[in-house]
1. How big is the dipole moment of region 2-104 about its Cα centre under a simple scheme where the beta carbon of each Lys and Arg is +1, that of each Asp and Glu is -1, and everything else is neutral? Debye, nearest 20, please.
2. Give the shape of region 2-104 as rounded, prolate or oblate, defined through the alpha-carbon gyration tensor: a ≥ b ≥ c are the square roots of its eigenvalues, a/c under 1.5 means rounded, and otherwise the shape is prolate if a/b is larger than b/c and oblate if not.
3. ³J(HN,Hα) across region 87-93 via Karplus (A = 6.51, B = -1.76, C = 1.60, θ = phi - 60°), whole Hz, x for Gly/Pro?
Amino acid sequence: MADNDATKRTRSSAVYVISVAAELSGMHPQTLRIYERRGLLEPARTQGGNRRYSDADIAILRRISELTSEGMNLEGIRRVMRLEAENVRLRNELEQAREIALHAIAEAERSQAASTRAAAGGDLVPLRQAVAVFGKRPSIFDRD
C-alpha cells in the first residue's frame with residue numbers, strides 16, 4: 001500500500017517537515033526560514049502552523065542553491081525566478097495559441113475543400129491551400 005500512496009502523491013504535495021526539506025536540499029533549516037521570510041519560498045502550513053515542503057519546494061531550494069553558488073544575491077535570485085516563471089507561463093500561452101491557430105487553419109482548409117467540392121459538383125478535387133508568408137508558414141507555427 002505504500003507504493004500506492006507514493007504514486008498518488010503529486011509534485012505539489014507538501015509532505016516534508018523542515019528538517020527533511022533541509023536535508024534534501026542540502027541546506028540548514030534556518031536558511032529555509034530565511035528564504036521564506038525573504039519571499040523566495042512559501043511552504044504549506046499544517047493547522048498547527050508547522051511548515052510542510054513539497055517536491056516542487058525542494059526543486060526551488062535547489063535552484064536557489066545553484067544561483068547563490070554562481071554569486072547571485074537574494075534579490076537577484078528573486079528576479080531570476082520571477083522571470084523564469086513568466087517565461088514558462090508565456091511558453092504555455094504560446095503553445096495554446098499555436099494549437100488554436102493550427103486548429104483554425106485545419107478547419108478553414110476543410111471548409112474550403114468542402115465548398116470547392118460543392119461548387120464543382122463534387123467532380124473536381126481542389127488543390128490544397130495553406131497560409132503562406134514568403135513561401136512558408138509563419139514562424140509562430142515552428143516548434144522550438
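Taken together, the values in this text are just the output of simple stated rules run on the coordinates, not laboratory data. Remember, predicted model here, so these are calculated numbers, not experimental data. Neighbour counts run over all protein chains shown; Cβ positions are idealised from the backbone, glycine included.
1. 320
2. Numbers: a/c = 2.45, a/b = 1.34, b/c = 1.83.
Oblate, because a/c is 1.5 or more while a/b does not exceed b/c.
3. Couplings: 4, 4, 4, 5, 4, 5, 5 Hz.
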